[in-house]
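Scroll down for the structure; my scribbles are underneath it.
The values are calculated or read from the model by the stated rules, or taken from the named source; none is laboratory data. What you are looking at is a predicted structure, and each value in this text was computed from that prediction instead of being measured. All Cβ positions, glycine included, derive from the backbone under ideal geometry; neighbour counts span all protein chains shown.
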Amino acid sequence: MTQPVELGLDYIQDLHAANRRLREQAAAVQVIMPSGMPAWLITRYPQARAALADPRLGKQAVTIRGRYRPGSPESVLFRHMLNTDPPDHERLRRLVSKAFTARRIELLRPRVSAIAAALLDDIAAGDEADLVESFAFPLPIMVICELLGLPAQDRDKFREWSDAVVSAITRQAEIDDAAIAWSDYVSGLLEVKRKDPADDLLSALVHVEDAGDRLNRDELLAMVFLLLAAGHETTVNLISGGTLALLRDDAERARLAADPTLLPGAIEELLRYVCPSNHATLRLTSEPVDVDGTVIPAGEIVLVLLSSANRDPGYTDAPDRLDLARDTAGHLGFGHGIHYCLGAPLARMEAEIAFTALLTRFPEMTLAVPPAELRYRPSTLVHGLVSLPVRLRRLP
């Protein structure tokens, strides 16, 4: 039996090249993740898409037998619908969907546009900016805070807690501290919303009911954590990574500027090309699973590499080239199957507004540092830049 491939933090900094090597090796590769966790990576598109819908790759057992230790502070935060199997998954998703409606999301459009414009007003005062810190992060975190009814002034706390949980290098004690702080914070808010509900998603989740069924306290804590973390992480990385991709491809950027009708398709291509989520959340094999001739034993942790599948030549031609008019049908940027991202419509709307505002306001924007100097956050779950320094105007 071959030895597992040991992945270091260099995997994160050179993700697509590393994924290419893994993909060429096999459709399923046994690895040791940078955190030290043993896992199997599904690297190719057909097998990844199938794995995302395979009931033998379960979720619920991960919270018990995986990294989320029973009874630990963080275990409460991960007992949400993304880590549950049917029938519990259907129950949770049905309850959340009754509160997290398309109408509620669409009503946010004017507010998202106003937030984006205000952030760009602040940026315009200077000649250079870090687009992560000044735009890509504050836009989605402010939006999700308003949607949920969380105080926007606490967004730095939310960022600190989220970073601790998704990082590949955070010590367990720090993760526990972040989980406890989050649970205490949201528990207080839940009591307020229970007694004095407002017109926000958190109040709706507290009071949502389906045939007498409601979310209990732990389910609410986990669901709000999921909505906050997933509700900003993907969009932050899509905006920053997508902007970087456009800054590095003058032809595609000019193409988009010349034809704004390309924008909806361009967002799908940027989701495929950037892939803000590197891999799907953990799954556990309930029995041996054959992946293109490689048998993964029962009881093994499996990570579906969305970023690798989206750049598989078996899925699309010239996958490492940005093509804003590409047919991206079936891309895995938001996953696939019953765990397909519930917040995808919100992320798409935010990205549409963000790219339109940014490229219209600063059409001559350029990178302020060589691409080789850019660094990615130390996480294998999300694929996001630490910073994105840009010059807003071309030098005379």
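Within region 349-396, being part of a strand (DSSP E or B) and in contact with a Ser or Thr (Cβ under 9 Å, 6 or more places away or on another chain) holds for V382, L385, V390, R391. Scanning region 342-393 for residues that are modelled with pLDDT of 95 or more, small (G, A, S) and more than 16 Å from F137 (Cβ to Cβ) yields one hit, A368.
Kindly evaluate G293 against the criterion of being at pLDDT 95 or above, out of contact with any helix residue (DSSP H, G or I) (no Cβ under 6 Å at 6 or more places or on another chain) and under 30 Å from T2 (Cα atoms). Answer is yes for this residue. Looking at region 52-105, the helices (runs of 4 or more DSSP H) lying wholly inside it that each contain 1 or more residues that are modelled with pLDDT under 75 sit at 62-65, 73-77.
Residues that are touching a Pro at 6+ places or on another chain (Cβ under 6 Å) and aliphatic (A, V, I, L, M): which helices (runs of 4 or more DSSP H) entirely in region 119-226 hold 1 or more of them?
172-195
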